[in-house]
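What follows is one structure encoded as structure tokens, with my remarks underneath.
Read-outs throughout are calculated quantities, based only on the coordinates presented, and are distinct from any laboratory measurement. What you are looking at is a predicted structure, and each value in this text was computed from that prediction instead of being measured.
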Amino acid sequence: GQLAWDASSEDYHDYRDQVDAFAALGAFRTKLTEVTLSGVDPPLSVITTMVSVNLFQTLGVAPEVGRLFVDEDAELADPGDTTVPRSVLISHRLWRQAFGGDPSVVGGTISLNAWPAIVVGVMPAGFFFLQEVDVWYPLQPGGRYTGSRSYHTWTLVGRLSPGTTLEEAQSQVDVV
């Protein structure tokens, strides 16, 4: 079973850390951002969103090429420093359109609004989860749209622990 609701990034961390009814709990930002992918001809407008490091593991989805996010991908020294590359996952569609399906793009650096980004993986063909997205990047503690309970722009998705009912999970969430 799954449970989803709007929350802040701080709520997500509390639920993830304090509710044992979930075998996994992931999050994604419901507001999308349009940015320019430069370094390709012509430059492309792409849709991005932020996700928890474990969102795709929670959904049971593996990349076609490369890897999913790991905790280190979210641990940049300064999330506001545009000279520090961030890790990203890209859609299969963008991989084909902008990079001709070249697997060597994984591990390489691309430019999103002049911010360097290291491509760690390519999501599988046909992957779609609620919104059409080209680029995902990890939620960073202390980064944008975090650190406040007033930004309710996150949707949480939980995978229940075996033997746990939705009602039990909701009861634990209500306590937190």
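Subtracting the Cα-Cα distance of T36 and A114 from their residue separation scaled by 0.36 nm leaves 27.3 nm. Computed from phi, the 3J(HN,Hα) profile of region 118-135 under the Karplus parametrisation 6.51, -1.76, 1.60 (θ = phi - 60°) reads 8, 7, 9, x, 10, 6, x, 4, x, 5, 8, 9, 6, 9, 7, 10, 9, 9 Hz, with x in place of Gly and Pro.
Close amide H partners of V53, meaning residues 5 or more places away or on another chain with modelled amide H under 5 Å apart, are L139.
Fully extending the segment from L44 to D102 would add 19.2 nm, taking 0.36 nm per residue of separation and subtracting the current Cα-Cα distance. Taking amide hydrogens as placed 1.01 Å from N in the peptide plane, the amide H of S87 sits under 5 Å from those of I118, each at least 5 positions away in sequence or on another chain.
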